[in-house]
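Below is one structure, written out as structure tokens, with a few remarks after it.
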Amino acid sequence: MTTPDLPLVEGAQLALISGSAVEELQVLLERCEDFEVLVTGHPPGPYAAQALLADAPPDHPLRDKFVIGAWTDQGLTAAVELLRDFPERHVWYLGLLLVAPEDRGQGLGEQILAVVKAWIIAQDGRAIRLIVQEQNPAALRFWLRHGFVPVGTATQELMDRTNQVARLELKL
């Protein structure tokens, strides 16, 4: 399956993260340490960017994983992680939407979400699913404000922490 061109975001250039951009992704992850500490209890490790690009659920092809960066005048400012056809065909899983702390609250995350939704629809996506940790109420408000609805709860077992999460879905 081919990947269509990424959509445009006003004031930012979207592109798949690979090659030399992995170092920029690592810097962004470190700048967004507050999120990693909130979710995992510790800052991102030195290979967090490589892990983000290479980790996929068992038996899910890596070719259906997309880590998209948003570059502004300040460099790599945001990233979104997507899995196509996960957990089922025509459903996309959004694993991460991360915006640099100094750019939060200015609409970039909303713009990225809007164009990613359109991009997913263009690829015959019919729903987006994600989880939000209970200790992140601001993220829950963001997703609910953009039409996602709760579809259940779950327990997220991480290496050093267990989180209670809300499972959300947006029908497209």
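Figures for the structure shown
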| read-out | value |
| --- | --- |
| Pairs where the first residue, in region 42-67, is β-branched (Val, Ile, Thr) and the second is in a loop (DSSP other than H, G, I, E, B), C-beta under 9 Å, 6+ apart | Val67/Ile17; Val67/Ser18 |
| Residue within region 78-88 that is open to solvent by 20 Å² or more (accessible area, probe 1.4 Å) and either over 22 Å from Val149 (Cβ atoms) or not in a loop (DSSP other than H, G, I, E, B) (or both) present | yes |
| Scope region 43-77; condition within 16 Å of Gly125 (Cα to Cα) and either among the aliphatic types (A, V, I, L, M) or part of a strand (DSSP E or B) (or both); matching residues | Lys65, Phe66 |
| The lone exception for Leu76 - which of (1) in contact with a Leu (Cβ under 6 Å, 6 or more places away or on another chain); (2) more than 25 Å from Met159 (Cβ to Cβ); (3) modelled with pLDDT under 95 it fails | (3) |
| Subset of region 118-143 [within 12 Å of the chain's Cα centre (by Cα) and basic (Lys, Arg)] | Arg129 |
| In region 5-42, residue farthest from Leu113 (Cα to Cα) [restricted to those that are part of a loop (DSSP other than H, G, I, E, B) and of a type in the set (Ser, Thr, Tyr)] | Ser20 |
| Residue in region 10-23 that is open to solvent by 40 Å² or more (accessible area, probe 1.4 Å) and modelled with pLDDT of 95 or more present | yes |
| Number of the exception - Tyr47 against (1) open to solvent by less than 60 Å² (accessible area, probe 1.4 Å); (2) hydroxyl-bearing (Ser, Thr, Tyr); (3) at pLDDT 95 or above | (1) |
| 2 or more residues open to solvent by 40 Å² or more (accessible area, probe 1.4 Å) and among the aliphatic types (A, V, I, L, M): qualifying strands (runs of 3 or more DSSP E) within region 91-172 | 149-157 |
| Extreme residue, nearest to Asp5 (Cα to Cα), among residues of region 24-41 that are loosely packed, with under 13 Cβ neighbours inside 10 Å and not hydrophobic (A, V, I, L, M, F, W, C) | Asp34 |
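The values are calculated or read from the model by the stated rules, or taken from the named source; none is laboratory data. In this text the structure is predicted, and so the values were computed from the model without any measurement. No Cβ is skipped: glycine too gets one built from the backbone with ideal geometry, and neighbour counts run over all protein chains shown. Surface areas here come from the heavy atoms of the whole protein model, side chains and all, with no ligands, DNA or RNA. Shrake-Rupley method; radii C 1.70, N 1.55, O 1.52, S 1.80 Å.
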